[in-house]
1. Any residue at all in the range 243-261 that is open to solvent by 20 Å² or more (accessible area, probe 1.4 Å), outside the structural domain of residue 360 (by TED's automatic domain parsing), outside any loop (DSSP other than H, G, I, E, B) and within 16 Å of the ligand (Cβ to nearest atom)?
2. Among the residues of the range 521-543, is there at least one that is open to solvent by 40 Å² or more (accessible area, probe 1.4 Å), in contact with a Phe, Trp or Tyr (Cβ under 7 Å, 6 or more places away or on another chain) and either assigned to a loop (DSSP other than H, G, I, E, B) or touching a residue at least 24 places away in the same chain (Cβ under 8 Å) (or both)?
3. If a residue must be surrounded by fewer than 24 Cβ atoms within 10 Å (Cβ to Cβ) and of a type in the set (Val, Ile, Thr), how many such residues does the range 200-217 contain?
4. Condition (residue is closer than 23 Å to residue 36 by Cβ, free of Cβ contacts under 8 Å to residues at least 40 places away in the same chain and more than 16 Å from the ligand (Cβ to nearest atom)) applied to the range 446-457: is it met by at least one residue?
5. Inside the range 592-647, can you point out the residues that are of a type in the set (Ser, Thr, Tyr) and outside any strand (DSSP E or B)?
6. Considering each of 530, 525 in turn, give the residue that is within 22 Å of residue 52 (Cβ to Cβ) and either touching a His at 6+ places or on another chain (Cβ under 7 Å) or not β-branched (Val, Ile, Thr) (or both).
7. Would you check if there is a residue in the range 275-290 being in contact with a Pro (Cβ under 8 Å, 6 or more places away or on another chain) and not β-branched (Val, Ile, Thr)?
8. When only residues in the range 466-502 that are open to solvent by 10 Å² or more (accessible area, probe 1.4 Å) and more than 16 Å from residue 444 (Cβ to Cβ) count, which is nearest to the ligand (Cβ to nearest atom)?
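The values are calculated or read from the model by the stated rules, or taken from the named source; none is laboratory data. Owing to the predicted nature of the structure, the values given are computational and were not obtained by experimental measurement. Don't worry about glycine lacking a Cβ; one is built from the backbone with ideal geometry, like all the others, and counts go over all protein chains shown. Heads up: the accessible areas ignore ligands, DNA and RNA and are worked out on the full protein's heavy atoms, side chains in. Shrake-Rupley method; radii C 1.70, N 1.55, O 1.52, S 1.80 Å.
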Amino acid sequence: MVTKIILFIGALIISYTVLLPAQDKADLILYNGKIISVDPQDHIYKAVAVKGDKVLALGNDTDILPMAGSPCRLIDLKGKTVSPGLIDSHYHMMYYGAQFWPGYLNIRHPVVTCKADLLKVLGEYVKTINPGDWISGNQGFTLKQDETIDRWDLDAVTPNNPVYLRHSSGQYSAVNSKALGIAGIDSSTPNPPSSLIIHDSTGQPSGILSHYPAENLVGRYATGYGDRTDEQKFADTDIGQSLCFQAGYTSVQDVIVGSLKDIQLYKQYADSSKLKIRLYALLYLDTEKEVDSVLKNLKNYDSGRFKFAGWKLAMDGGLSGRTTLFYDKSMYAAEISYPYHTQDELNRIIKKLHNTGLQVAVHVGGDQGIDMTITAFEEAMRANPRPDARHRIEHGLFPTQTAVQRMKDANIILSTQPQWITWYGDGFRTATSDATMERLLPLKTMLDMGIHLAFGCDVPASPYQEPKWAFAGSVFRKTTTGTLLTQSERLTMPEALRVHTMGSAYAGFAETTTGSLEPGKFADLVIWSLDLYNLTPNQVTGLEAEMTIVGGEIVYDNGKNTIVTSVLSENNISPGSFKLMQNYPNPFNPATIIKYSIPSTSFVVLEVYNTLGQKVETLVNEIKPAGEYSIIFNGDNLSTGVYYYRIKAGEFYGIKKFVLIK
Ligand SMILES: [Zn+2]
């Protein structure tokens, strides 16, 4: 309540604040900025006070600066924008961290953007290793839309080394003949569940393995995939976490934790207090058999920073792998598509998972797959109604109008990647049809209907992790070649930011503690290089997180903002103790220290004059919280003589003489 009074009664603030009990004093204040709160009214403030891990108050500088405790870290934003920490609803933290492991051949964008790039990189790399060594790529390569690749292409440059390369989408792998040989895959090898070993026209495996179970037939032998140690995975997590902070994420939802073992590793990481980000994890399950065995062994888990809270399934693949489950199979994107589970099986699995009381998320992109998924959710909820299940569709690229209405009625969340509009939009156009493209991520329609949206970057299945790409995709809907896609579905920047904060928080059951800057919520926030609410299409790609704060702790700092720690002595708190001290040393050459103190927040002007009354330097010209200050004056450019320093701080005025002798 105290904080509300302070925000309201401007004139009484100073005298009131002096009486603030110690427990209501801030230990971190960001002021002189644009604080976008994303509260229900989308209030914008100048300053925010933090105490411990929570937001204490928001308001004008004159409201907030007097709340500084002792000590208090002060950050003068100099007009910069602060938002709540961004929440990524679809991230792969441990796995994305692994992409930077030096043992992998780096084939990610922009190193590889087409088949020729890939073969060139492989050809050069193979010269540096021994015959027989594995070549494992990180995830992964991209090709031009009309390009394909097979084992024979790879054999031509890597005849003597087994090769395992994942496509960037994470939906298929390309392997060469050596790798197929090691895995014992030939024309008679059956397809593992829900996946495909692709064959060429002669019936031979083509070297393309579609979806995880088929990919893993080779992947489990490839260096850096099947053999990753716990230590490596902790190191991967370290890297993943620091990349999140660099991007401005303070919470992430890791929607594919691949095994019970990895859930345990995340737990250990959290218990070792290395986990600083708020991490919400879903366990990925491929088959009904896995579902049955896991349900016996796993309960939800909540350690504060780490929550294991649900399940993830997949119903189709991706457009580039031609495995997106559309009704229209004549489109390139759906040429070899098939449901990863039959409707009956999906219904059974989702029912079992729903009945655990936890959240269920399903990867699906095509209209037919989306319809099947909604049907299974509807059935599970009809059989066992639960008011706040918050089941989710991940990606959900091409819903029909009916599907959108059904999602609304069943309160199914859409967790998606607007980045793909920008980076993959051109590819989507050639892989589908004009009519289909009209249905690509109807975000504005969905938002206006009240459907809960959440944004995530899905690295490494997207080229880049920064949230600017989600903003660019959802606000401008412009592809990399400049094609504008269904402009009527553009969001405004405040809408996009709200989805990426409060929307994603809701998708992880965290909207009461994160997602906006309001008193009592976690102090998770980001200082941005640009004003989020005034971005042009050209500017948005230059947006950078400058500082990321989780629970009041600075976890990323690019050094562009100065943090001043102010320490108040008890004496300085009583009103009327404005002081301007005599400088020391005096006389001086060339530098001297000037000390002053102010008992309450004031606009301070401290200037140096010569004996003719001409101003020679301005030392301070800004609002300052109560405190004792020292400033160094350097007379390097001045000649010997008498000078004056004069302070004006609110109503107070003081002047002192000092002498420079050279
Ligand atoms: Zn993903």
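1. yes
2. The answer is yes; a qualifying residue exists.
3. Within the range 200-217, residues that are surrounded by fewer than 24 Cβ atoms within 10 Å (Cβ to Cβ) and of a type in the set (Val, Ile, Thr) number 1.
4. yes
5. 600, 601, 611, 639, 640
6. 525
7. yes
8. 469
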